[in-house]
Each structure stands twice: as structure tokens, then as C-alpha cells.
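The structure appears below as C-alpha cells.
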Amino acid sequence: MSSAIALGMPPAPAAVLAPRRKTRQLMVGKVGVGSDSPVSVQSMTTTKTHDVNATLQQIAELTASGCDIVRVACPRQEDADALATIAKKSPIPVIADIHFQPRYIFAAIDAGCAAVRVNPGNIKEFDGRVGEVAKAAGAAGIPIRIGVNAGSLDKRMMAKYGKATPEALVESALWEASLFEEHGFGDIKISVKHNDPVIMVEAYRQLAAACDYPLHLGVTEAGPAFQGTIKSATAFGALLSAGIGDTIRVSLSAPPVEEVKVGNQILQSLNLRPRKLEIVSCPSCGRAQVDVYTLADAVSAGLEGMEVPLRVAVMGCVVNGPGEAREADLGVASGNGKGQIFVKGEVIKTVPEHLIVETLIEEAMRLAEEMGEQAGAGEPVVNVS
């Protein structure tokens, strides 16, 4: 006798910890930014922007990894000259990142970039040219991100506060925004980044309470992959769980694809993005009767890149194993040299330990294929005899 068993996690996110902070709405190319749109993931290319082919190749890799918006550096004229081609051919919206030379702001606008990020703290005579920037951006219909960084804070704020305090970051950002508003331009997104997550979180909390601009979250110079991931997850979790944040960038000393992976996982963990593949595995302990570490790593590697909403449980003992495996779409409860393979609560087979990984991957691929075939035809199911 067969029964239809629903597969996959719910298509709509589950409850979140807090409603999104209400903001004004922006469009960065085709991506909506603000509280009416999902939180988006950004990254930044590491190529020389004037190397158009290399830059577009990296943007393609970022897009495939789930990046929504990409930022490219523009430190030289040859980079500015490449922006038009990159903006036209990129599959996702391109933001030009401008420092030091204000003329590159206008070059980016003319090139058709989806937005421009400016750092007022290190752009020559920026305040005196805000009117020109506002006029050009307004005519092109593109937003401006005001990016205030602890490492390049406006000298006036440094003189007033002595260092990059939360208050200094917020005051600097709001001052620059007010200059744009004086010229009738309000399509503004703000970031106030710091390398200390505690200072960064407090700055964003103060900023969120003081304005309705969309906010871009980032812990700047977060560090190597492990340290940067922890810092970013901690800071973003504190803010996003309170409804603060509209776009995010995980800054890692690692390939930018890794930034996107971490960013997406943070959003999925907070139910701010539909979950895809999720590996549930126990931390191991003295009760474990199999090498859980090796099993979990091997299953994760074998299923890397899977896009379907599938929860896979890899469990190592008889205490929590069967229960967790039954709750997952696919799972194994291991012990005594063998593993019971579960599909949505039902044991479908028992295999020797050396075949657990192979069997889980085969079953996951089968379920993923069936879910793909039935996409658009109601909730995916698998028939279990």
C-alpha cells in the first residue's frame, strides 16, 4: 500500500522574530529595496573592473551563488570607462563604488549603473557637489547609497567625537542625507559600517530610530572566513531579528562567492529567505556509534549546490537520531554498523554503515528530481510503499 508524503519545507517563510522596520522604497535596477521587498544579498567583485571579461565572469559566478546585487570598484578612469559594458551585460544590478574622485560618480550614472555608492568621508569636496550629484541621479532615476565607514569617517566627526562612535557614524550619515534632501533627492540608502560588531549594531539601532531610509548592513573588515562569518552572523542576527536591515553584505577575506553563501544562509536561518537544502546533524558525543563528522561532511559535499527545499538529517545515535530523522524529509539514524534511512517519517531501508552516504545522496537526488518534475503542479510528493 502506498501513501503520498509531502516533501520539502514550506514554500513561504515561517514566522520571523520581528516585523520589518518600515522604510521608504527604492529600486536598484530590477531589485526592490526596502521593507516591502525581501532582504537582498550583495557582494563586491575582486577583479580589476577594467578587465571586463574577468569582472563579468565573476558576476556570473556570484549570480549563480544567489547574489542579488553586485558592487564594482571604480578607482581609475579605465574602470569608469568599463562600467557601461559591465552594467549592460551583468545579469544582476551593478552598483558603482566611488571613492576620492567625484567625477566617477557622474561617469557611473552616465554608464547606466543601477545605483552609486559614495563615501563622503573621502571624496574631495563632496558636500559642495551634492547638488550636482542629486540632479544627475534624479534625472537617471537611480538611488544613492551613502556609505559611512569607521576607517574613513568625516574629519569633522572625528574632531567632534574623537573616534568612530555609533553617534559619530549616525550623525555623519544623516548630515549627508540631509544635503541630498535639500536638493529634493530622497532615493537614499545608508550604511554605517564598523569592524566591531557591538559598535556597528548600536549605530544601526540609532540610525533605524532616526530615519526611514533603507539600511545596508555590513561589518567592515570582518576578517578571514571563519572570524568574519561569526562577526557578521552575530551582528546581522541582532539587527535582522529586530526587523532592521534591507540589504546585507558579508565582508570576508575570502572569495566573494563565499560571502554570498554566508549571507544567504544567515537570511535562511532567520526565515527571511526560503530555505533550500538544510543539513541537520548532531554534534556527536560519547553515545555516537558512527563517525558523525565524516558522515555529515560527506553528505554535505555530495549535495552541494542542491537548490530544492530539502531537509536532510544525519544522526549518530539512538537517543535523538530516529526522532530527528523522522522529522526531516530525508534522514538516517545510525548505530551498530548500520543506518536506517527515513523518508518523511517512514523507514524505507536499512543499509550497512559504508553505504549510508551513498544511499542518502541517491535518495536526495531522486527526491529532488521528483520535486522538480512536479513543480508547479501542487505540493511535491513521493509515493512510499
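The values are calculated or read from the model by the stated rules, or taken from the named source; none is laboratory data. Keep in mind that what you see is a predicted model, and the values were worked out from it rather than measured. In this analysis, Cβ positions are derived from the backbone assuming ideal geometry, glycine residues included, and neighbour counts consider all displayed protein chains. Heavy atoms of the whole protein, side chains included, go into the accessibility calculation; ligands, DNA and RNA do not. Shrake-Rupley method; radii C 1.70, N 1.55, O 1.52, S 1.80 Å.
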In the list Ser281, Ser300, which residue meets the criterion of being touching a strand residue (DSSP E or B) at 6+ places or on another chain (Cβ under 7 Å), surrounded by fewer than 16 Cβ atoms within 10 Å (Cβ to Cβ), without any contact (Cβ under 8 Å) to a residue 60 or more places away in the chain and among the small types (Gly, Ala, Ser)?
Ser300
Scanning segment 228-261 residue by residue, those outside any loop (DSSP other than H, G, I, E, B), more than 21 Å from Thr55 (Cβ to Cβ) and in contact with a strand residue (DSSP E or B) (Cβ under 9 Å, 6 or more places away or on another chain) turn out to be Gly228, Lys231, Ser232, Thr234, Ala235, Phe236, Leu239, Leu240, Ile248
Of everything in segment 205-239, what is under 13 Å from Lys22 (Cα atoms) and either hydroxyl-bearing (Ser, Thr, Tyr) or in contact (Cβ under 8 Å) with a residue 40 or more places away in the chain (or both)? Give them in sequence order.
Ala208, Ala210, Asp212, Tyr213, Pro214, Leu215
So, Ser253, is that one of a type in the set (S, T, N, Q), in the same structural domain as Asp212 (by the TED database) and loosely packed, with under 15 Cβ neighbours inside 10 Å or not?
yes
Might you check whether a residue that is closer than 16 Å to Met200 by Cβ and more than 24 Å from the chain's Cα centre (by Cα) occurs anywhere in segment 139-153?
yes
Filter the strands (runs of 3 or more DSSP E) completely within segment 86-195 down to those with at least 1 residues that are more than 23 Å from Thr55 (Cβ to Cβ).
144-149, 188-193
Specify the residue that is farthest from Gly147 (Cα to Cα); the eligible residues are those in segment 59-101 that are open to solvent by 20 Å² or more (accessible area, probe 1.4 Å) and among the β-branched types (Val, Ile, Thr).
Thr85
Suppose the filter is farther than 20 Å from Gly121 by Cα, small (Gly, Ala, Ser) and assigned by the TED database to the domain that holds Lys135; does Gly218 pass it?
no
Given the structure, is Ala208 under 26 Å from Pro38 (Cα atoms) and assigned to a helix (DSSP H, G or I)?
yes
Residues of segment 202-227 classified as surrounded by fewer than 22 Cβ atoms within 10 Å (Cβ to Cβ) and on the phi < 0 side of the Ramachandran plot, total:
13
